[in-house]
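Only the coordinates and a few stated rules stand behind these numbers; no lab work does. Being a predicted model, the structure only gives us computed values, none of them experimental. With ideal geometry, Cβ positions are generated from the backbone for all residues, glycine too; neighbour counts draw on all protein chains shown.
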Amino acid sequence: MRVLVLSDVHANLSALEAVLRDARTGGAIDAVWSLGDCVGYGPQPGDCLSRLGDEGAAFVAGNHERAATGAISVDDFNADARTAALWTAGRLETDEKALLDAMPETRVEAEHFSLVHGTLRWPIWEYLYSAEAGFAHLALQETPFGFCGHTHVPAIASLDVDAPGGCDFRRLAEGESVLLDPGTKVVINPGSVGQPRDGDPRASFAIYDSETQSVTLHRVEYDIGSTQRLMEEADLPRWLIERLSEGS
Ligand code: ZN
């Protein structure tokens with residue numbers, strides 16, 4: 001079984017299509033796990049939602065799903081994120097919002113994998129960006145393995161008695177494969193499809209392969225300009241358009 005694990009598509013259909021294509025160059029994809037924020041910031045929220053729906057994706061909600069339906073207030077968002085969230089809310093149909101509202105905050109897939117947008121401590125808000133947050137998350141993770149998103153930066157946190165705070169936290173590089181060991185609890189962030197923030201503008205995703213019991217991090221180029229043009233036509237905030245070129 002090969003699973004495409006992706007997060008933070010952020011309504012960027014060109015990036016999503018590139019990922020769906022590239023993921024299949026190594027073989028068939030048997031499942032897609034979406035770790036939240038498939039909408040928000042970008043110009044094609046409904047298209048990305050239906051494209052992932054066509055793939056039979058298993059979803060968890062991120063803060064942008066909740067903001068798009070009004071389930072949470074946008075008061076805690078920064079100005080650009082708030083503008084984009086309100087724009088997104090105005091573009092989505094009632095049935096699309098019902099789909100977003102129905103997404104759980106956490107779920108377990110394939111028995112051994114916990115999925116969440118942020119952390120199990122604070123599912124739609126907390127950034128897993130430190131060993132401390134990693135340890136707190138892993139203490140709550142009842143499965144050996146987990147996936148999270150939200151930071152837009154590929155990374156891994158693993159329980160390690162020798163590490164300060166009991167957790168090793170580090171970034172994941174393109175092409176790096178993590179061998180899954182049931183004796184070591186880990187949570188992996190596949191980075192962002194539609195708005196990477198690690199200085200590399202290429203779309204980021206991971207493939208879990210059950211045969212090799214490994215998770216591999218991939219990057220793929222996409223047509224950034226086409227997404228930026230659609231954002232300009234939609235009059236979305238300047239910085240949200242520019243950051244796609246920088247991967248920041
Ligand atoms: Zn996000």
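Given R₀ = 45 Å, FRET efficiency for SER214-ARG238 by Cβ-Cβ distance, to 0.05?
Calculated transfer efficiency: 0.65.
Hey, what number do you get for the chain at 222 nm if only DSSP H runs of n ≥ 4 count, each worth -39500 (n - 2.57), divided across all residues, to the nearest 500?
Working: 8 runs with 79 residues, N = 248.
Dividing the helical sum by the residues of the chain leaves -9500 deg cm²/dmol.
At q = 0.16 Å⁻¹, what is the base-10 log of I(q)/I(0) for the chain according to the Debye formula with one equal point scatterer per Cα and no solvent? Please give it to two decimals.
-1.11
Given H placed on each backbone N at 1.01 Å, which residues far from HIS150 in sequence or on other chains put an amide H within less than 5 Å of it?
When sequence neighbours closer than 5 places are left aside, the close amide H contacts are ASP8.
Cut-off 10 angstrom, C-alpha nodes, Gaussian network model of the chain. Which of HIS152, HIS112, HIS218 fluctuates the most?
So, out of HIS152, HIS112, HIS218, the one fluctuating most is HIS112.
Relative to the first principal axis of the alpha-carbon coordinates of the chain, what is the inclination of helix 13-23, with its axis defined by its Cα atoms, in degrees from 0 to 90 and to the nearest 10?
30
With the crude spin-label approximation of a point 7 Å out along Cα→Cβ, what separation in nm comes out for LEU86 versus TRP125?
Result: 2.2 nm between the two label points.
Where a ≥ b ≥ c are the square roots of the eigenvalues of the C-alpha gyration tensor, would you call the range 7-138 rounded, which needs a/c under 1.5, or, failing that, prolate if a/b is larger than b/c, or oblate?
The shape class here is oblate.
So if I take the alpha carbon set of the range 132-218, get Rg, then get Rh from the Kirkwood formula, what is the Rg over Rh ratio?
Rounded to two decimals, Rg over Rh is 0.96.
Round to the nearest 10 and give me the degree value, 0 to 90, for the angle of helix 131-140's Cα axis relative to the longest principal axis of the chain.
80
Kindly rank 183-195, 233-245, 122-134 from highest to lowest mean number of other beta carbons found within 10 Å of each residue.
Result, highest mean first: 183-195, 122-134, 233-245.
Quick query: amide H of GLU176 versus all other amide H atoms, modeled in the peptide plane; which residues come in under 5 Å with a sequence gap of 5 or more or a different chain?
Distant-sequence amide H within range of GLU176: LEU217.
Report, in degrees rounded to the nearest 10, the 0 to 90 angle that the Cα long axis of helix 45-54 makes with the longest principal axis of the chain.
Around 50 degrees separate the two axes.
Show the residues, 5+ positions off or on another chain, whose built amide H is closer than 5 Å to the amide H of ALA203.
Here the answer is VAL220, TYR222, since their amide H atoms fall under 5 Å of that of ALA203.
Highest mean first, what order results for 200-212, 84-96 on Cβ atoms within 10 Å? Spell out each step's value before the answer.
Values: 200-212: 20.5, 84-96: 16.3.
Peptide ranking by packing, descending: 200-212, 84-96.
Specify the inter-centroid distance of the range 84-127 and the range 222-248, based on alpha-carbon positions, in whole Å.
Here the two parts' Cα centres lie 23 Å apart.
Once phi is turned into ³J(HN,Hα) by the Karplus curve 6.51 cos²θ - 1.76 cosθ + 1.60 with θ = phi - 60°, what whole-Hz value does each residue of the range 113-127 show in order, with x for glycine and proline?
10, 8, 10, 7, 6, x, 9, 5, 6, 8, x, 9, 10, 6, 7
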